[in-house]
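Shown next, in structure tokens, is the structure this report addresses.
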Amino acid sequence: MVLGAELTAHLGYEAGAAPPAEQTNRRNGTATKRVKGSDGEVPLSVPRDREGSFEPELVKKGQTRIDGVDDKIIGLYAAGLSVRDIQAHLEELYGLRVSPDLISRVTDAVLDEVREWQHRALDRMYPIVIFDALRVKIRDADSRMVKNKAVYIALGVTREGEREVLGLWIADNEGAKFWLSVMNELRNRGVQDILIAVVDGLKGFPEAITVAFPETMVQTCIVHLIRHSMNFCSWKDRKAVAADLRPIYEAPTAGEAECQLDAFEEKWGGKYRREPTSYPTLSRVRGRHCALKRRAARSSVGGVRAPSFLEGYRCAAVLPAPTPSHD
């Protein structure tokens, strides 16, 4: 345990080993004391030395409280350890003898907070909401095995430009029906309008969004747009085309993005007359950007105007989804 390791560093020899012949100070068993934490009292075994010169740092002499026990329990629980594993880990590492009942009470309290967070009320309008998935390790409730699972996330950008996680969901299959249930949940929690919904290329996803939020502008994420545009380029040109596309979606303003788009069309328009330039044609970008500004201007949910930062939002956020030419 950590306290024992501290005593080893203090005395200079391992437990069970012979001390140096010239050293008079020795290990002298342990003393038991009770310390208070945020979840009640816990017993603690503190190692001692004969001369009484050992000053532990983790739990100091005279200290009657130890904070962070619940954080340690939650961290171990989140890592996939069982209640018994957590109990053994705390005793081995910290010398804390914590009952399984205390561990269960701590984790149950966290679950109550999680449920409260999952059902909290949301803002009435979000300028941008990004829908995506993360792969994380989760302990399966049935098999009790830790597995890689997809956690679906809705990440909103508030009127102040700050990011907020609106919700996290776990589902066996990602489909339009699942995302429609997510949209309905967001509406039930108070969301009345979304200006831009950023999604991947899942079939039926835009329809699921517009069923709940009819006026929302659905935008394919930049990564998927660029990947799609690369399909129209020869292999030897892909790196150069990708580098020339970067200034467009990294432009700080729509005006600068349009200038970069003009430069892109001038350079690549002759070689790829129908394809990469046909997906972000300047007229379609301008039309989509103007439509977005009109939506922002008239979106007055609860009397609160949409944020002005949308007018300068990167041009990539208003690029239309690519439509391959069949000419």
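The values are calculated or read from the model by the stated rules, or taken from the named source; none is laboratory data. As the structure is a computational prediction, the values presented were derived from the model and not from experiment. Reconstructed Cβ throughout: ideal geometry from the backbone, glycine too, with neighbour counts over all protein chains shown. The area values use the complete protein model at the heavy-atom level, side chains included, leaving out ligands, DNA and RNA. Shrake-Rupley method; radii C 1.70, N 1.55, O 1.52, S 1.80 Å.
Points worth noting:
- Within region 219-256, tally of residues that are without any contact (Cβ under 8 Å) to a residue 24 or more places away in the chain and among the aromatic types (Phe, Trp, Tyr): 1
- Candidates in region 154-170 are the residues that are among the small types (Gly, Ala, Ser) and under 17 Å from residue 192 (Cα atoms); of these, the one that is surrounded by the fewest Cβ atoms within 10 Å (Cβ to Cβ) is 167.
- Region 72-95 residues that are farther than 16 Å from residue 145 by Cα, paired with ones that are modelled with pLDDT under 80 and in a loop (DSSP other than H, G, I, E, B) (beta carbon under 7 Å, 6 or more apart): 87/98; 89/81; 90/98; 91/97; 92/1; 93/1; 94/1; 95/1
- Verdict on residue 50 being closer than 28 Å to residue 137 by Cβ, of a type outside the set (Val, Ile, Thr), open to solvent by 80 Å² or more (accessible area, probe 1.4 Å) and modelled with pLDDT of 80 or more: no
- Residue in region 97-110 that is closer than 30 Å to residue 147 by Cα, touching a Pro at 6+ places or on another chain (Cβ under 8 Å) and modelled with pLDDT under 80 present: yes
- Complete set of residues in region 231-251 that are part of a helix (DSSP H, G or I) and of a type in the set (D, E, K, R): 236, 237, 238, 239, 244, 246
- Flag if residue 180 is surrounded by 14 or more Cβ atoms within 10 Å (Cβ to Cβ), within 23 Å of the chain's Cα centre (by Cα), not acidic (Asp, Glu) and not in a helix (DSSP H, G or I): no
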